1. Say we join alpha carbon atoms closer than 10 Å with springs in a Gaussian network model of the chain; which of 168, 41, 192 then has the biggest fluctuation?
2. Residue 39: net charge of surrounding residues, Cβ under 15 Å, Lys/Arg +1, Asp/Glu -1, itself excluded?
3. Give the residue list of trypsin sites (Lys or Arg not before Pro) in the range 291-334 that are DSSP loop and have at most 11 other beta-carbon atoms within 10 angstrom.
4. Taking only C-alpha pairs under 8 Å that are 6+ residues apart, what is the relative contact order of the chain in percent?
5. Who wins for biggest fluctuation among 224, 326, 339 in a Gaussian network model of the chain, springs between alpha carbons below 10 Å?
6. Counting only helical runs of four or more DSSP H residues, what would the 222 nm mean residue ellipticity of the chain come to if each run contributes -39,500 (n - 2.57) and the total is spread over all its residues?
7. Based only on Cα atoms, what Rg/Rh ratio does the chain have, Rh being taken as Kirkwood's radius?
8. Could you give the distance between the Cα centres of the range 241-259 and the range 34-70, to the whole Å?
Amino acid sequence: MASFIFKAALFVVSVVLLQRLMRFAIIMGVHRHMFNHTPGPCRTIPGIDVGSEDITTLSNGVAIITSGVAIIEAEMDTIQGRIFSFDFNQPDKAVKEVKITGSSFNKTALKPVGMSAWEDPQTGKVSLFVVNKPLPPRTQSVELFDYDHKSNTLRHKKTVISDAIFSPNDVIAVSADTFYVTNDMRFGRLGPLEVVLTLPTGTVAYYDGSEAVQVASGLSGANGISKSQDGRYIYVSGLLDAQLNVFERGKDGRGSLLLRKKIDVHTSVDNINVDKAGDLWLGCHYLGYTLDLLTGNRWTGTAQVLRMRLDADLNPDVREVLADDGKLLKGSSVASVYGNKMLVGTITNQMILCDLIAF
Ligand SMILES: [Ca+2]
């Protein structure tokens, strides 16, 4: 009898594992093929070669770029995380490294990933929120800075560390000192297992200025996070279930989130930016299986940018703005637009600038 129960249990576990592995293979796009197109001429921006994982563009056209995430242990010492700026108004000028000041932060330990800027509507003062993601088991955090455009300097204000922020990926500011942050994985060094089994272990936490609490869970590879122009909705991408989650912010003042819609995007969405018109720009990994972040090869993956327009009932209209099989750009994680130009960043290598002529 015991033997029968063991065999039955083994059978069930095998079927479930097989189902999860097949699901992973489909989400990673093993059955897909890409055909290349761009919305206009594109060129590589010099000075960025160890990543441009997140890009956020201020209302004056200055884009801030995070660069230098570590993907294997050896890179913790060999790759220096940096923040750069790029001026859309002077696109022929090189990127500039943003100076980081403040004795409360060790800038040599910076491994920046997701980022968000808050511009004070009255004063125009810019606060920058940066996810600092050294490899586990090191402590990961969200770092708060003031950004001074004239001197191109970030002055460190605060480090936010919390049990509710256990594997941060991206952050969205909702005031000068409050934010939502995604946690992409739960199990630290066992993260690859979560990825392959596409486990819904991702969460969202809300920081109210003094403490962080979990406000959403059950997300599969929670990654990019952004908000609608009016601040009513919070968008969260599920990298491992190819979905975009639309949450409505509760009115309890405690950051609660109510899931309003799950949108099938049919591609692995990384970071999300929302433009002036309220459209979502999604940096995506359409052939996720070509992206190799485990062996330390930083030059893998494909590029895809989608623009998603949501109607009043949150129904999406999606347009593919750029697709590339890796010849032009590898591993696109973000797109940020200003006027008729678009920057596309990558997790671990370059960044391109494209004219938005037709798409
Ligand atoms: Ca991301």
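Read the figures in this text as sums done on the coordinates, not as results from a lab. Because the structure is a prediction, the values reported are computed rather than measured. Because the Cβ atoms are built from the backbone with ideal geometry, glycine has one as well, and the counts that use them run over all protein chains shown.
1. 41
2. With Lys, Arg at +1 and Asp, Glu at -1, the net is -1.
3. Passing sites in the range 291-334 are 327.
4. This gives 17 percent for the chain.
5. Taking springs between Cα atoms under 10 Å, the residue moving most is 339.
6. Helix contribution divided over all residues of the chain: -3000 deg cm²/dmol.
7. Ratio of gyration radius to Kirkwood radius: 0.97.
8. Comparing the Cα centres of the range 241-259 and the range 34-70, I get a distance of 28 Å.
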